[in-house]
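Notes for the one structure printed next.
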Amino acid sequence: MARTALVTGGSRGIGAAISKALKAEGYNVAATYAGNDEAAAKFTEETGIKTYKWNVADYDESKAGIEKVEAEVGPIDIVVANAGITRDAPFHKMTPDQWKDVIDTNLTGVFNTVHPVWPGMRERKFGRVIVISSINGQKGQFAQVNYAATKAGDLGIVKSLAQEGARAGITANAICPGYIATEMVMAVPEKVRESIIGQIPAGRLGEPEEIARCVTFLASDESQFINGSTISANGAQFFV
Ligand code: CAA
């Protein structure tokens, strides 16, 4: 029977490419979204992938949503914690709300997404936890003290989960995308974006499909021994 994958923030941007790529590989896919009903409905219409609305920053909502997905689509074998936001500001201007919103969504959101599916993965002796981190979690970024903290935190999460899950057939890995052509990057002021592209040896932004390719690789049954790792996909902008 086909395995089931859950992708948070899976109806737009990198998440949409991940959902579609997993479906193309034959997985049953469910995608979550936070607020944009119109984009989610359009996504389902175009792809046939079911979408579910909940706020990953809320544990109870996440748990209830995951129970619904498991009842309607199947027990979750692959979880892709992709949902994330930015609230960029130089540190001297960053507000406690900008800090908290990003921590709650990007970091606590990973806990809230993985924790409810973890017991089932342990029982079934199979699981794939894939967390979408960022180049900016590896190198830091001007105006992203909050975001970089969460994305660096992702790397600690997967390295710890990898050790806990290894004997239960569960792997946990992170992907660190560089600058990818999505709405999030397009929201950066054009002058700043041009200067960022100038720092990418590939000379271009990445495509969401190039990150989705990393996910399908990590999701497969054959990737069992790849555990606790970080895959960087950034056009040679930064090496760890
Ligand atoms: N490095 C050094 N200096 C920088 C800088 C940088 N990367 N970016 C801006 N600055 C400087 C500006 O030149 C300006 O300098 P001056 O004071 O000498 O003019 C100063 O910092 C900006 O000061 P402002 O008070 O004008 O800043 P602001 O409050 O208007 O904020 C900003 C502007 C939010 C920093 C805006 O420039 C911005 O959005 N920058 C992009 C941040 C970024 O790269 N975010 C990544 C988003 S994509 C993503 O997160 C996806 C992923 O995972 C890769």
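The values are calculated or read from the model by the stated rules, or taken from the named source; none is laboratory data. Just so it is clear, the model here is predicted, and its values are computed rather than measured. All Cβ positions, even for glycine, are placed from backbone atoms using ideal geometry, and neighbour counts span all protein chains on display.
Side notes on the structure shown:
- Residue check, Gly65 touching a strand residue (DSSP E or B) at 6+ places or on another chain (Cβ under 8 Å), closer than 23 Å to Thr108 by Cα and outside any helix (DSSP H, G or I): no
- Residue check for Asn106: part of a helix (DSSP H, G or I), within 16 Å of the ligand (Cβ to nearest atom) and within 15 Å of Val7 (Cα to Cα): yes
- Among residues of region 88-98, those that are in contact (Cβ under 8 Å) with a residue 40 or more places away in the chain, assigned to a helix (DSSP H, G or I) and surrounded by fewer than 17 Cβ atoms within 10 Å (Cβ to Cβ), counted: 1
- Selection within region 153-183 - surrounded by fewer than 18 Cβ atoms within 10 Å (Cβ to Cβ), within 16 Å of the ligand (Cβ to nearest atom) and part of a helix (DSSP H, G or I): Glu183
- The residues in region 195-206 that are more than 9 Å from the ligand (Cβ to nearest atom) and surrounded by 15 or more Cβ atoms within 10 Å (Cβ to Cβ) can be counted, and the count is 4.
- Selection within region 36-49 - of a type outside the set (Gly, Ala, Ser) and surrounded by fewer than 17 Cβ atoms within 10 Å (Cβ to Cβ): Asn36, Asp37, Glu38, Lys42, Thr44, Glu45, Glu46
- Test: residue in region 185-194 that is at pLDDT below 95, surrounded by 18 or more Cβ atoms within 10 Å (Cβ to Cβ) and not in a loop (DSSP other than H, G, I, E, B): yes
- Odd one out for Tyr59, checked against (1) surrounded by fewer than 23 Cβ atoms within 10 Å (Cβ to Cβ); (2) out of contact with any helix residue (DSSP H, G or I) (no Cβ under 6 Å at 6 or more places or on another chain); (3) under 15 Å from Thr113 (Cβ atoms): (2)
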